[in-house]
Amino acid sequence: MAKQKFVYFFGEGKAEGDAKMKELLGGKGANLAEMTNLGIPVPPGFTISTEVCAAYYENKQKYPEGLEKEVLDNLTKLEKVMGKKLGDPEDPLLVSVRSGAAVSMPGMMDTILNLGMNDKAVVGLANKTGNPRFAWDAYRRFIQMYGDIVMGIPHDEFEEALAAMKKAKKVELDTGLDAKDLENLVVEYKKIYKKHTKKDFPQNPLDQLWGAINAVFGSWMNERAIKYRELNNIKGLKGTAVNVQSMVFGNFGDDSGTGVCFSRDPSTGKNEFYGEFLMNAQGEDVVAGIRTPEKIATLAKKNKKVYEQLLDIKDKLENHFRDMQDMEFTVQQGVLYILQTRNGKRAGAAAVKIAVDMVAEGLIDKETAIKRVTPEHLDQLLHPMIDPKALKGIKPLTKGLNASPGAACGRIVFTAKDAEEWAERGEKVLLVRKDTSPEDIGGMVVSEGILTSTGGMTSHAAVVARGMGTPCVAGAKGVSVQGKKVVIGEKTFKEGDWITIDGSTGDVYEGQFPLISPKMSKDLETFLSWCDKVCADSVRGNVKGFLVRTNADQPEDAKRAFDFGAQGVGLCRTEHMFFDKEKLIHFRTMIVADTEEARKEALKKILPLQKKDFFGIFKAMEGRPVTIRLLDPPLHEFVPHTKEEVAELAEHLGVKPKDLQPKIDKLHEANPMLGHRGCRLAVTYPEIYDMQVEAIVLAAIDCVKKNIPVKPEIMIPIVCDEQELALLRPRAEAIIKKNLEKAKVKLDIQIGTMIEVPRAALLADKIAAFADFFSFGTNDLTQMTFAFSRDDVGSFMPAYEKLGLLDVDPFKSVDEEGVGMLMNWATTKGRSVKSDLKVGICGEQGGDPATIDFCFRTGLNYVSCSPFRVPIARLTAAQAVLRNTKK
Ligand code: PEP
Ligand code: MG
């Protein structure tokens, strides 16, 4: 058997790896190798593979045999290529040691720079470069990083020593300290090191190297990396790779610098070179947001040659990877090096624009474009914005960088911990900080928005917020955090005060504003039309197409969903039409009626109201199918509860409240979700469904008479076998026939049923004989399959998820194993009787990406979800088609 290879060299001509080896070399390592192969200037180095990380954890944190030798061999090779030796007292080689997993986890794991520095090397470097300030600065940074990351010494202690030195020298910026100051700082830093570790700072570069490698592998399992993987659902990776790379310096003087750039604008997606840099700085200064960087375009003025070279490289890399690139670069004394390239994270609007533009430019095909946009991207695009009407005449308090789009209102908190505590209590919070760091991740997740006073578009706050789709305004100079107070513009705010930020413009406002959802952009429409085409063209056996419908109960909802591209209404819950106060009184009159006459009387009042709403929905959907579900009111949601409600109904009925109360008490059910609801209501009071069917037919007739195309479908809920349909369907058919004949209108109105009771799923073949279509009501089907009350899961579901008893809440994502088995069975059984039986889903899970994938695989004709989720469902439906269809 060939010996396993652990270490891969890159730099200098041809690398041992390439971009296809991400799993083994991590994203960073694989792309460094690829760039080497493309002839792009990359500082040479080597990558220790992710398999070493896996072996390290499998084998009680011991490295596999042979690794040490391979690392030393590669180090020797690196020293040869560079013509320098690690720790050399004359002309030392310095290296960086960085993490890099197959999936990028920005800032979550550790990095150590300037490794190889010691008391002798610093002198050698000072002499060799003729720049002692630079050498001592590099040494003090190394001690700080090594102390903090490898030995766990609190970062703040070093920062305090630095601040004390600046104070003593009366300078504001680090750059104000001279070589002697930094040399003295090294003495201070070493004391801090010894105080904590009881040892002197290690002088042997190989000890330093192994210390750093251990720390980087160790950081794979640190708390924040684990949390990040959990939050981003990153599973199945071997671990991190470790990249040991020769250092290049951006802090060599004014002909040096460092920066981060994107081949296109990551916020808007515009095809414009975009980025930031700082002269005379190291990379961490840009990312940490300590100094506010300059726009990349100004680099053209400072060093035209380097700028043009950078332009060439970004074009080359983008064309090569056929995706927007996020690159880190350093210029050392006028020479450009690329330290990293990766596919750039982007805001939702940018994701869509880049996908659409790259198809037009011939860089990618439509399928690739569809795969590149994520549900989270679209979610961001559909983020709320401040209602412009409410903004009229109001000036922002200040303006920062528009770091992550969308608007957010929240109460000010100053720490991530407070954010988590307040959010736990149900408060909406807005995290206001000088800057953020990876420790703040928990607080950032629960915040409505994030506001920072320093840092640029590539600062931690900006990058993480964009990734999470959380609105963020960064680097707002008019914001000054002072303990538990913050001055914004000219006003002072304290913890708990409300502010609103607009991450799309960078504006910050006092107080709370109404937020509205944005409309679809032209690019988004184009993009989603490609998704629809993929769905429409899909074929599974007999089933052609896979559509997205919406759950809409009101004409306005239907209109919104139509505008979002819904191809029909999958569920109109007719009882929801009565949430409207004016209609509710008639509905309550109907449910407390104790004679058929009284009920019919109330129904007569309801009929025109329902008819009007049905007409509005038909009209909004312009001839697309509209499934109207006949009444299914869990009674506890509708009976009057409070004294005032009882009094109001009593007055309406002309009776005394005390005479009404017994009737209301009689309606009380021990288990309303399993009670007198759905078709059971029509079994006892058939006149209710009669009225609704009549209202549907009359609304449809009105449409036909007005030349409005219409396609109604009537759906009967909560059936447990075919008997209920055998009773109710003929009644409905008779009413349809009578009304159509009377109006002399011809119309096909299908009658189908919901499958939401496990027994109905099991007996689906019998039911199919009486149903033109099925729609899975997975809310009830989940409730009844698990015996988890859908209204009470809050008290135990978090524990189930935490203990891993369930991977996900089955009310969010269909439980494929159990509920899914019933759905599969019912679909197959139903189609064994009617081969072209239309089958859909209308439970809340219908908008969930994993559920949509399952529904496609199960052969459903459509999914149906709330209007705002329609665009995301169109995308995820197309992605499901592409994922599950063999070419
Ligand atoms: C369902 O049960 O999934 C459903 C759509 O009906 P409802 O939520 O109205 O019970
Ligand atoms: Mg239901």
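The values are calculated or read from the model by the stated rules, or taken from the named source; none is laboratory data. What you see is a predicted model; the values in this text were computed from it and never measured. Glycine also receives a Cβ, built like all others from the backbone with ideal geometry; neighbour counts cover every protein chain displayed. The protein model used for the area step is the full one, side chains on, heavy atoms only, and it has no ligands, DNA or RNA in it. Shrake-Rupley method; radii C 1.70, N 1.55, O 1.52, S 1.80 Å.
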Quick check on region 459-479. Is at least one of its residues more than 22 Å from TYR274 (Cβ to Cβ), in contact with a strand residue (DSSP E or B) (Cβ under 8 Å, 6 or more places away or on another chain) and either buried (at least 18 other Cβ atoms within 10 Å of the Cβ) or outside the structural domain of GLY283 (by TED's automatic domain parsing) (or both)? yes
List the pairs whose first member sits in region 1-20 and is open to solvent by less than 30 Å² (accessible area, probe 1.4 Å), whose second member is among the aromatic types (Phe, Trp, Tyr), and whose Cβ atoms are under 6 Å apart, counting only residues at least 6 apart or on separate chains? VAL7/PHE46; PHE9/PHE46; GLY17/TYR8
Out of all the residues in region 824-850, which are in contact (Cβ under 8 Å) with a residue 60 or more places away in the chain, more than 13 Å from ARG540 (Cβ to Cβ) and under 30 Å from the mean Cα position of the chain (by Cα)? GLY840, ILE841, CYS842, GLY843, GLU844, GLN845, GLY846, PRO849
Selection count where residues are in contact with a Pro (Cβ under 6 Å, 6 or more places away or on another chain) and either open to solvent by 10 Å² or more (accessible area, probe 1.4 Å) or within 15 Å of ligand 1 (Cβ to nearest atom) (or both), scope region 700-719: 2
Please determine, by comparing only the residues of region 745-797 that are part of a helix (DSSP H, G or I) and in contact with a strand residue (DSSP E or B) (Cβ under 9 Å, 6 or more places away or on another chain), which one is nearest to ligand 2 (Cβ to nearest atom). ASP780
What are the residues in region 307-355 that are closer than 23 Å to GLU367 by Cα, assigned to a strand (DSSP E or B) and open to solvent by 10 Å² or more (accessible area, probe 1.4 Å), if any? ASP326, ARG342, ASN343
Which listed residue is farther than 26 Å from LEU727 by Cβ, part of a helix (DSSP H, G or I) and modelled with pLDDT under 90, from HIS652, HIS668, HIS641, HIS636: HIS652
Result of the Cβ filter at 8 Å on region 770-784, keeping first residues that are within 16 Å of ILE751 (Cβ to Cβ) and partners that are near ligand 1 (Cβ under 6 Å from one of its atoms) and assigned to a strand (DSSP E or B), at least 6 apart or interchain, is SER775/LEU571
Which numbered condition PRO44 fails, given (1) modelled with pLDDT of 95 or more; (2) under 35 Å from the mean Cα position of the chain (by Cα); (3) open to solvent by 10 Å² or more (accessible area, probe 1.4 Å): (2)
Given the condition among the hydroxyl-bearing types (Ser, Thr, Tyr) and at pLDDT below 95, answer yes or no: does some residue in region 564-574 qualify? yes
Could you check how many residues of region 634-687 are farther than 20 Å from ASP791 by Cβ and within 16 Å of ligand 1 (Cβ to nearest atom)? 2
Those residues of region 386-413 which are among the small types (Gly, Ala, Ser), surrounded by fewer than 23 Cβ atoms within 10 Å (Cβ to Cβ) and closer than 13 Å to GLU510 by Cα, in sequence order: ALA390
Tally of residues being among the small types (Gly, Ala, Ser) and part of a helix (DSSP H, G or I) across region 370-410: 1
For region 551-595: of the residues being polar (S, T, N, Q) and in the same structural domain as ILE617 (by TED's automatic domain parsing), which is most open to solvent (accessible area, probe 1.4 Å)? THR595
Unique match (being within 17 Å of LYS838 (Cβ to Cβ), in contact (Cβ under 8 Å) with a residue 12 or more places away in the chain and aliphatic (A, V, I, L, M)) among ILE767, ILE696, ILE736: ILE767
Among VAL683, VAL704, which is the only one that is part of a helix (DSSP H, G or I), without any contact (Cβ under 8 Å) to a residue 60 or more places away in the chain, more than 16 Å from ligand 2 (Cβ to nearest atom) and within 45 Å of the chain's Cα centre (by Cα)? VAL704
Residue selected from region 819-841 under the condition under 21 Å from ARG573 (Cα atoms) and open to solvent by less than 10 Å² (accessible area, probe 1.4 Å), by the criterion nearest to ligand 2 (Cβ to nearest atom): ILE841
Do we find that PHE638 is of a type in the set (Phe, Trp, Tyr) and open to solvent by 20 Å² or more (accessible area, probe 1.4 Å) in this structure? no
Within the group ARG560, ARG573, which residue is farther than 23 Å from GLU367 by Cβ and within 16 Å of ligand 1 (Cβ to nearest atom)? ARG573
Return the pair list, or none, for Cβ contacts closer than 8 Å from residues in region 638-653 that are over 14 Å from THR589 (Cβ atoms) to residues that are part of a helix (DSSP H, G or I) and modelled with pLDDT of 90 or more, at least 6 apart or on different chains. LYS643/PRO657; ALA647/PRO657
Would you please list the contacts, defined by Cβ atoms under 8 Å and residues six or more apart or on different chains, that run from a residue in region 741-755 that is farther than 30 Å from LYS766 by Cα and within 16 Å of ligand 1 (Cβ to nearest atom) to a residue that is open to solvent by less than 10 Å² (accessible area, probe 1.4 Å) and part of a strand (DSSP E or B)? none
Inside region 780-796, can you point out the residues that are more than 18 Å from THR753 (Cβ to Cβ) and in contact with an Asp or Glu (Cβ under 6 Å, 6 or more places away or on another chain)? none
Of the listed residues (VAL487, VAL473, VAL534), the one being in a strand (DSSP E or B) and modelled with pLDDT of 95 or more is VAL487
Qualifying positions in region 502-524 - open to solvent by 40 Å² or more (accessible area, probe 1.4 Å) and in contact (Cβ under 8 Å) with a residue 40 or more places away in the chain: SER504, THR505, GLU510, GLN512, PRO514, LEU515, ILE516, SER517, LYS519, SER521, ASP523
Is it true that some residue in region 670-688 is in contact with a His (Cβ under 6 Å, 6 or more places away or on another chain) and of a type in the set (A, V, I, L, M)? no
Which residue, of GLU844, GLU816, is within 14 Å of ligand 2 (Cβ to nearest atom) and either outside the structural domain of HIS636 (by TED's automatic domain parsing) or open to solvent by 10 Å² or more (accessible area, probe 1.4 Å) (or both)? GLU844
Go over the candidates THR828, THR876, THR858, THR782 one by one and state the one that is over 23 Å from CYS535 (Cα atoms) and among the hydroxyl-bearing types (Ser, Thr, Tyr). THR782
Verdict on ARG141 being in a strand (DSSP E or B), in contact with a strand residue (DSSP E or B) (Cβ under 9 Å, 6 or more places away or on another chain), modelled with pLDDT under 95 and open to solvent by 20 Å² or more (accessible area, probe 1.4 Å): no
Hey, could you check region 111-127 for residues that are at pLDDT 95 or above and β-branched (Val, Ile, Thr) and say which is most open to solvent (accessible area, probe 1.4 Å)? VAL123
